[in-house]
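Rule-based calculations on the coordinates, nothing more; no lab input. Predicted, not measured: the structure shown is a model, and the values here were computed from it. Here the Cβ is made from the backbone with ideal geometry for all residues, glycine too, and neighbour counts use every protein chain on show.
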Amino acid sequence: MKKRILILLASFLLVFTASYANDSKVPDKVIYEFNRDFSGASNVNWQITSSYYKASFDEHGKTLYAFYTDDAGFIGITHSLLSDKLPVSLQSELKAKYSDYWITDLIQFNMNNQPGYYVTLQNADQKIILKSERNQHWQFYTTVEKY
């Protein structure tokens with residue numbers, strides 16, 4: 001009886017996995033462009049959304065995230081960052097204007113060779129996201145619901 005249940009379960013998983021994989025295939029042209037752009041990438045995993053393809057991967061000891069359009073156009077790249085790696089002016093602005101918050105997430109992005117940052121800040125009452133482009137001042141981006 002246990003053997004039949006295991007076979008049935010394995011069959012279900014195989015069918016489910018196969019049908020899911022067919023529905024969410026990354027186009028060959030996107031994979032080709034990614035491999036051309038990041039030939040040293042390892043541990044590549046893809047996430048598919050309605051508006052872009054996101055590859056998470058390791059390269060040069062860092063975990064990076066690359067984004068591509070449906071027609072394999074490169075959108076940009078991001079990676080997590082420690083706050084002490086921010087430009088001094090952005091660190092100072094965070095300390096001066098948001099001293100009652102702590103950093104929960106910090107991401108550096110690069111679009112069209114222009115650097116930028118997103119920082120998620122949180123305090124006891126709220127969680128907000130700020131954005132900085134081209135190492136300029138922080139701008140309010142959005143409020144995130146706290147759980």
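Going through region 99-134, which trypsin sites (Lys or Arg not before Pro) have at most 16 other Cβ atoms within 10 Å and a DSSP loop state? All intermediate terms of the calculation are to be shown ahead of the outcome.
Numbers: sites: LYS127, LYS131, ARG134; in loops: ARG134.
Qualifying residues, ordered by number: ARG134.
Take the Cα radius of gyration of region 55-130 and divide it by 2.2 N^0.38 Å, with N its residue count; two decimals is plenty. Mind dumping the intermediate values first?
Details: Rg = 14.4 Å, N = 76, 2.2 N^0.38 = 11.4 Å.
The reported ratio for this selection is 1.26.
If you take the C-alpha gyration tensor of region 17-147, multiply each eigenvalue by 5 and take the square root, what semi-axes do you get, largest first, in whole Å? Each step should come with its number before you reach the end.
Details: eigenvalues 198, 61, 33 Å².
Rounded to whole Å, the semi-axes are 31, 18, 13.
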